[in-house]
1. Take the residues in region 266-298 that are in contact with a Ser or Thr (Cβ under 8 Å, 6 or more places away or on another chain), among the β-branched types (V, I, T) and surrounded by 13 or more Cβ atoms within 10 Å (Cβ to Cβ); name whichever of them is nearest to R316 (Cα to Cα).
2. Which numbered condition trips up A339, out of (1) of a type in the set (A, V, I, L, M); (2) surrounded by 24 or more Cβ atoms within 10 Å (Cβ to Cβ); (3) within 18 Å of Y406 (Cα to Cα)?
3. Please go through region 167-216 and pick out each residue that is assigned to a helix (DSSP H, G or I), within 24 Å of the chain's Cα centre (by Cα) and in contact (Cβ under 8 Å) with a residue 60 or more places away in the chain.
4. Would region 254-265 turn up any residue that is more than 30 Å from I157 (Cα to Cα), acidic (D, E) and surrounded by fewer than 18 Cβ atoms within 10 Å (Cβ to Cβ)?
5. Scan region 344-360 and tell me whether some residue there is surrounded by fewer than 17 Cβ atoms within 10 Å (Cβ to Cβ) and of a type in the set (K, R).
6. Would you tally the residues in region 122-180 being aliphatic (A, V, I, L, M) and within 17 Å of D403 (Cα to Cα)?
7. Out of A187, A209, A227, A220, which single residue is surrounded by fewer than 24 Cβ atoms within 10 Å (Cβ to Cβ), in contact with a helix residue (DSSP H, G or I) (Cβ under 6 Å, 6 or more places away or on another chain) and under 26 Å from A151 (Cβ atoms)?
8. Check A339, A298 and return the single one that is over 16 Å from P226 (Cβ atoms) and either among the polar types (S, T, N, Q) or assigned to a loop (DSSP other than H, G, I, E, B) (or both).
Amino acid sequence: MPNTAIGASDSAGGTVPHVKGSCAKGNSVSSAFSVLSARGRGAARLAAAALVWGLAATGTVAAAGTAAADEIPQNQGGATATIGDLKTYGSAVVHENGEDSWVSAGLFEMTVENGGMLQTYCIDLRNPTQRDARYQETSWSGTSLSGNKDAGRIRWILENSYPQVNDLAALAQKAGVSSLTEQDAAAGTQVAIWRYSDSADVDAADPRAEKLADYLQKNAQDLPEPAASLTLSPAAVSGHPGERLGPVTVHTNAGSVTVTPPTDIAAGGVKVVDADGKPVTSAVDGSRLFFDVPKDSADGSTSLAVQASTTVPVGRAFTSETRSQTQILAGSSESTVSATATANWAVKGAIPALSAQKDCAKSGVDITAANKGDEAFTFELMGAEHTVAPGISETLTIPLQEDQAYDFTIGGPAGGGKRFKGVLDCRTQGGTSDISTQTLSEPSPASVGGSGGGTDLAETGGSGVTPFIAGAAIALVVIGGAVVVLVGRKQTPPQV
């Protein structure tokens, strides 16, 4: 299907005013899934939050040596966007243990940094969406889609329904209904996605939307994960002055990318060149880039950046470090995408190139250290000492609990080094212990909504409870012992 760009105007509001759910954004703090009222996991977060305020007040929440460390992004590049409102939606009902919970179901809109708009559905039914959360394009391996045998079917649904298919009459005919509104199409598509992303027993409230959901679910086929809009591989390289450090390979669906060479003073004449040593200002998919470090350069580090304008492939996942529900791309305008790569060099000793990536299959974060130096790089991880020999690349996994925050540094002298931080968010949450529901005698939109009473599956959007969520993430670090400082143990550790 063609990659349909987002139009100038979408139908705002759904078929059921005031219905708020796990994929809606709202202002109320009285949600059934707010941190203040949720059972199960939500209650645990509240307890953790209460603890962290006391710890923070006494200054005991800290990661040693992080102030001077460069923070390493754990995404591989692509689009970065801020989530906006739920634009086109209807309502749906989630059934669990004889209880029915009303939710809003449909399309979010995101604003891309430096230009562009995205449309997304959520694939994380029971978690809230935080207002103005910042999202990053992410591989399926770093999300709840990792290990989901039906992930490819979700991509098929996206490719074969609204908004990629904007001929609603043709879509209605396939679904076996007389007509579909945009709200029907968005709600039916979201419901079909939830059945595969969250294994949810969920129905669209509108009969036409329900018929569409059934059609999509029944006909969905397995498709491969779409390639990223833009990445650089590897994300970090190292070597000696006088060498070309790399290669760093460009992977993109854009026609070309702009290459921004190092501009920091520390770079001191370092250039970005191709395999022939010619300076590079633009590149294409498959281009190999190198850092040309002058022979007389002092030990140091720098980075390059690449940027392009392209449509982000449908089916790419988007995650947020603010514990806002995971999204999956349904449509993209021409949008700005970017990626960075770092380089470290030293005259002698160990010269590690460090990168990190979430690995949901292993429930942790993979730390890769490639040592291009002439001495071993030795560090301590989770109480065990590890050594990366010269010329060797090694990947170690830091195991974490779901929803656990982490903040650690692989360091050099005087607190310098590379800092890795984030929150592990790899699973959708199931079971009635995670949600508070409302039993409805009549599953009718008329029986819910308004400002008086009523509960929903998962209220979303920013509110006064958002700090509790952020605080709980920090508390999990303290409780779980996930603050790990990885410090080079050699007497003269390299700059990294």
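Bear in mind these aren't lab numbers, they're just calculated from the coordinates by the rules spelled out. Because the structure is a prediction, the values reported are computed rather than measured. A quick note on method: Cβ atoms are made from the backbone with ideal geometry, for glycine too, and the neighbour counts reach across all protein chains shown.
1. That would be V280.
2. For A339, the exception is condition (3).
3. Scanning region 167-216 gives A186, A187, T189, Q190, V191, I193, W194, S197.
4. yes
5. Checking region 344-360: at least one residue is surrounded by fewer than 17 Cβ atoms within 10 Å (Cβ to Cβ) and of a type in the set (K, R).
6. 4
7. When all the criteria are applied, what remains is A220.
8. None of the other options fit; the residue is A298.
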